[in-house]
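Following: one structure in structure tokens, then a few remarks.
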Amino acid sequence: MRKKFIAGNWKMNLDNAAAVTLARELTRSLGDFVAADVAVCPSFVYLSAVAVSLKGGSITLGAQDVFYEANGAFTGEVSVAMLKDVGCTYTIIGHSERRHIIGEGNALINRKTRAALAGGVLPILCIGELLEERERGKTEAVLEEQLREGLVNISAQDMCKITIAYEPVWAIGTGKTASPQQAQDAHAFCRKIIADIFDKTTAQSVRIQYGGSVKADNAAELLGQPDVDGALVGGASLKVNDFIAIVKAGAKT
Ligand code: PEP
């Protein structure tokens with residue numbers, strides 16, 4: 001049985017005071033809750049402050065991106081060691097906003113994923129199809145390509161440290177959620193591809209989160225699907241009560 005993993009992606013939101021307050025209130029509400037794994041992913045500039053607010057609780061810290069080089073002349077980038085230094089356990093990699101707004105491709109995402117693994121920060125690797133790709137019946141082809149190219153040169157042992165976040169792009173921040181069946185079908189397909197790249201045991205142990213307008217009122221049904229092992233939550237992770245409700249829904253399923 002895979003323990004559910006709920007992560008909040010705060011994106012480019014909040015200011016220092018609001019990020020600290022949100023982290024403090026979540027920590028106070030959840031205490032030493034361990035029935036699901038929980039992480040929050042603030043902007044780089046608030047990671048250190050949020051790390052302080054999370055002290056003493058069970059919520060872990062994640063970043064929203066990372067660079068693959070260890071150090072040097074890479075203006076504006078942040079290394080894996082820097083993330084570790086400020087207390088990150090996880091980093092999101094290949095979020096659809098980075099793929100489609102910034103223009104990141106699978107090769108770059110793969111380098112970042114391998115660097116995170118090598119440096120001891122656990123990747124949350126995001127994949128997902130555009131609406132037009134779904135409408136043209138290309139969902140599985142897109143997911144397969146993103147998985148195969150994103151997971152090049154990664155061992156089965158390291159694959160077990162990766163969380164896959166299936167996030168249909170048309171469902172992110174739009175209020176349109178994939179139906180539980182659509183999510184389940186996509187997750188089962190991803191697990192099949194992971195089994196093909198690695199092996200069945202590895203595929204069974206990998207956690208696959210769903211992301212895309214997960215809210216307090218749809219979380220239980222989505223998280224109740226057999227291959228949905230958690231959620232990557234954007235908008236609803238900015239509200240204490242909503243995020244806590246999603247975490248608790250994860251703990252029950
Ligand atoms: C996300 O940020 O990855 C996300 C899924 O956002 P939202 O929950 O707002 O759709």
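Bear in mind that the values in this text are calculations on the coordinates, not laboratory data. Just so you know, these numbers come straight off a predicted model, no measurement behind them. All Cβ positions, glycine included, derive from the backbone under ideal geometry; neighbour counts span all protein chains shown.
Some notes on this structure:
- Each residue in segment 85-96 was checked for being surrounded by 21 or more Cβ atoms within 10 Å (Cβ to Cβ) and within 13 Å of the chain's Cα centre (by Cα), and 7 of them qualify.
- Residues that are within 16 Å of the ligand (Cβ to nearest atom) and surrounded by fewer than 18 Cβ atoms within 10 Å (Cβ to Cβ) within segment 1-22 comprise Met12, Asn13, listed in sequence order.
Results for (1) without any contact (Cβ under 8 Å) to a residue 60 or more places away in the chain; (2) surrounded by 15 or more Cβ atoms within 10 Å (Cβ to Cβ); (3) more than 16 Å from the ligand (Cβ to nearest atom); (4) of a type in the set (A, V, I, L, M, F, W, C), shown as yes or no for each residue.
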site: Arg24; (1), (2), (3), (4): yes, yes, yes, no
site: Ala51; (1), (2), (3), (4): yes, yes, yes, yes
site: Leu83; (1), (2), (3), (4): yes, yes, yes, yes
site: Ile101; (1), (2), (3), (4): yes, no, no, yes
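- Residue check for Ser96: touching a helix residue (DSSP H, G or I) at 6+ places or on another chain (Cβ under 7 Å), more than 20 Å from Leu117 (Cα to Cα) and either away from the ligand (no atom under 16 Å from the Cβ) or of a type in the set (Asp, Glu) (or both): no
- A single member of Ile194, Ile208 is buried (at least 22 other Cβ atoms within 10 Å of the Cβ), within 16 Å of Ile124 (Cα to Cα) and more than 15 Å from the ligand (Cβ to nearest atom), and it is Ile194.
- Of Ala107, Ala118, Ala183, Ala165, all but one fail to be over 26 Å from Ala81 (Cα atoms) and of a type in the set (A, V, I, L, M); the exception is Ala183.
- When segment 218-249 is limited to residues that are part of a helix (DSSP H, G or I) and within 15 Å of the chain's Cα centre (by Cα), the one that is nearest to the ligand (Cβ to nearest atom) turns out to be Gly235.
- Filtered by the rule that a residue be of a type in the set (Ser, Thr, Tyr) and farther than 27 Å from Leu223 by Cα, segment 10-56 gives Thr21, Tyr46, Ser48, Ser53.
- Residues of segment 26-45 that turn out to be surrounded by fewer than 21 Cβ atoms within 10 Å (Cβ to Cβ) and within 19 Å of Leu83 (Cα to Cα), as a count: 3
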